[in-house]
Amino acid sequence: MISLLRLPLILSLGALALTSPARAEGGTTFDSVGDRARWSDKVSNAAAPDPSVCTQVTCRSYDLELRLPRGAWSQPGGLLVSLRWPTEQQDAGYDLDLYLYGPSGSVVAKANSIAYASAEGLWLQSPENGRYRIVIAPRDVVGTSPFDVFATAKRGWSIRTTSSLLGAGELTDPLTSYVSRLTFLGRPPNTPRSMVPDLVPERPDNFHIETTAAASFYVATMRVPAHQPSCYPQEITGLTADEPGTQEPVLRCLRWDMVIHNAGPGPFEIRAYPQSETPTDAYQAIYSSDGSYVLRRVGDARFSSAHGHVHARGLDEIGLWTVRSDGSPGRLVGEPPEKGMCHLDLINPSFGTPADGPARYVYPSTCDAEDNRDPKDPLYPDEPYFRMGTSSGWADIYPWHIPDQYIDITNVPDGRYLLIHRVNVAGAIQEADHTNNAASACVEFHDTTVRACGPRSRAGRKR
């Protein structure tokens, strides 16, 4: 397992700190709950792993004045700030961080996941009136990355939980975005109730029969042009197979972007306890509106040798099917390796909408290290565990270029097929809606070329 990344701060540039920059790129005033603002800009060839080394060239900042009426927070609410950049730049080479400075000039909230995401989101409960500054700091940008910023004052409530990272509670390290708080949007109910997720697979797209210059998950990047061969060396040889066998060599691989969106009011959270008697069990944490939770076994959690971390397995099914004359699925002709997923907040499909909220499940402190613990854990009090999940309004994406995300079509004839993705097939996951758990896409391939085709089938829908 990897440990948390700790990078030294560059203190010699402290004079350039953004606590009192000379000029902000834009500004607005919020006079009432419900006000909103949006900015768009770009950064190029910059690296500022901490806002204290920002300059007006490397970073972007925006003024926000709160002048809310007295009693605005008599009903719970807060300030939401969201940041997103293109999903196709989702890798460690294009990583932006989000900071919020308060009226005192100090950081009052931040969202700075280290890698893999294309969005950030922070929440400040019951902010006082005064001047705030939103700061966009590029952790690492090679080339140019456009971005959008969205801010709004809205209803919601934040709960401090008893879970902690490395036993340290809320950390102040600028490179660590983890906080032990749980935020729900809207008005809190009069009596506690379950705040469950709603898992919605998006329609598969961005099909490829090729690879990038990648040997493993951690070095696969979308900035490298797609090229042949169709399959990665470790897929062809089976070096990273979790259960090596005598299967035929994999020579032609169908790849696609796979997205699972949480459209429910509560988080989707999976835990695995390596020191328990059954270390392969995966549990869903089902939260209540008061922050309490229960655990429910939903599947397996196993180490993936291809991706180098723990995956939750048995929660979804993917298959390639022939197409009948009426557009419905016919015969199953291919399935991907049983790898499962490491669920994270990677993209924000709710950006700028009423469902937009802060991110909670970010890297690090996910399926790479068992560094979470909770003294009030109902099953294993204060025992370390792996934690993965997807916040309300957020989604996880497995881009097409990730190794071991493929369907072997070496011996599948060219033509049109349906790629169908179903989640929670066994119903083990407690969620708000079970009617939107399937999505499909028509795909057509010939030799080394592939494209999406229509019309949409009956098997599922995109949300």
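The values are calculated or read from the model by the stated rules, or taken from the named source; none is laboratory data. Given the structure is predicted, the values throughout are model-derived calculations rather than measurements. Because the Cβ atoms are built from the backbone with ideal geometry, glycine has one as well, and the counts that use them run over all protein chains shown. SASA here: full protein model, heavy atoms, side chains in, ligands and nucleic acids out. Shrake-Rupley method; radii C 1.70, N 1.55, O 1.52, S 1.80 Å.
Things to note:
- Count of the stretch 85-109 residues, restricted to those that are crowded, with 23+ Cβ neighbours inside 10 Å and of a type outside the set (A, V, I, L, M, F, W, C), is 5.
- Of all the numbered requirements in (1) surrounded by 20 or more Cβ atoms within 10 Å (Cβ to Cβ); (2) touching a Ser or Thr at 6+ places or on another chain (Cβ under 7 Å), PRO337 misses one, and that requirement is (2).
- Exclusive hit being open to solvent by 10 Å² or more (accessible area, probe 1.4 Å) and more than 24 Å from the chain's Cα centre (by Cα), set ARG38, ARG70, ARG60: ARG70
- Residue check for VAL135: assigned to a strand (DSSP E or B), under 22 Å from the mean Cα position of the chain (by Cα) and either at pLDDT below 85 or of a type outside the set (Gly, Ala, Ser) (or both): yes
- Close Cβ contacts (under 7 Å, 6 or more residues apart or on different chains) running from residues in the stretch 194-212 that are closer than 13 Å to ILE402 by Cα and open to solvent by less than 10 Å² (accessible area, probe 1.4 Å) to residues that are basic (Lys, Arg) and not in a strand (DSSP E or B) comprise ILE209/ARG252.
- Members of the stretch 113-132 found to be surrounded by 23 or more Cβ atoms within 10 Å (Cβ to Cβ), outside any strand (DSSP E or B) and not small (Gly, Ala, Ser), listed by number: PRO127
- Among the residues making up the stretch 41-80, those that are within 15 Å of LYS154 (Cα to Cα) and either among the hydroxyl-bearing types (Ser, Thr, Tyr) or without any contact (Cβ under 8 Å) to a residue 12 or more places away in the chain (or both) are GLY71, SER74.
- Scanning the stretch 162-185 for residues that are crowded, with 16+ Cβ neighbours inside 10 Å, touching a strand residue (DSSP E or B) at 6+ places or on another chain (Cβ under 7 Å) and modelled with pLDDT under 85 yields SER163, SER164, LEU165, LEU171, SER177, TYR178, SER180, ARG181.
- Filter pass, ASP91 being under 26 Å from the mean Cα position of the chain (by Cα), modelled with pLDDT under 60 and closer than 30 Å to ASN372 by Cα: yes
- Taking residues in the stretch 105-116 that are more than 11 Å from VAL362 (Cβ to Cβ), and partners anywhere that are modelled with pLDDT of 90 or more and open to solvent by 20 Å² or more (accessible area, probe 1.4 Å), the pairs with Cβ atoms closer than 7 Å and at least 6 places apart or on different chains are VAL108/LEU124; ALA109/TRP123; ALA109/LEU124.
- Number of the exception - GLY319 against (1) within 23 Å of the chain's Cα centre (by Cα); (2) open to solvent by less than 10 Å² (accessible area, probe 1.4 Å): (1)
- The residue pairs whose first member lies in the stretch 407-425 and is touching a residue at least 24 places away in the same chain (Cβ under 8 Å), whose second member is open to solvent by 80 Å² or more (accessible area, probe 1.4 Å) and in a strand (DSSP E or B), and whose beta carbons are closer than 6 Å, counting only pairs six or more residues apart or on different chains, are ASP414/HIS446; ARG422/GLU317; VAL425/GLU317.
- Only a single item in (1) in contact with a strand residue (DSSP E or B) (Cβ under 7 Å, 6 or more places away or on another chain); (2) farther than 30 Å from LEU185 by Cβ is not met by ASP396, and it is number (2).
- Residue selected from the stretch 287-305 under the condition modelled with pLDDT under 85 and open to solvent by 10 Å² or more (accessible area, probe 1.4 Å), by the criterion nearest to LEU239 (Cα to Cα): SER305
- Strands (runs of 3 or more DSSP E) wholly inside the stretch 344-430 that include at least 2 residues being aliphatic (A, V, I, L, M) and buried (at least 23 other Cβ atoms within 10 Å of the Cβ): 415-423
- Applying the condition of being surrounded by fewer than 16 Cβ atoms within 10 Å (Cβ to Cβ) and among the β-branched types (Val, Ile, Thr) to the stretch 140-160 and asking which residue is modelled with the highest pLDDT yields THR144.
- Close Cβ contacts (under 7 Å, 6 or more residues apart or on different chains) running from residues in the stretch 322-336 that are of a type outside the set (Asp, Glu) to residues that are at pLDDT below 95 and surrounded by fewer than 12 Cβ atoms within 10 Å (Cβ to Cβ) comprise GLY327/PRO455.
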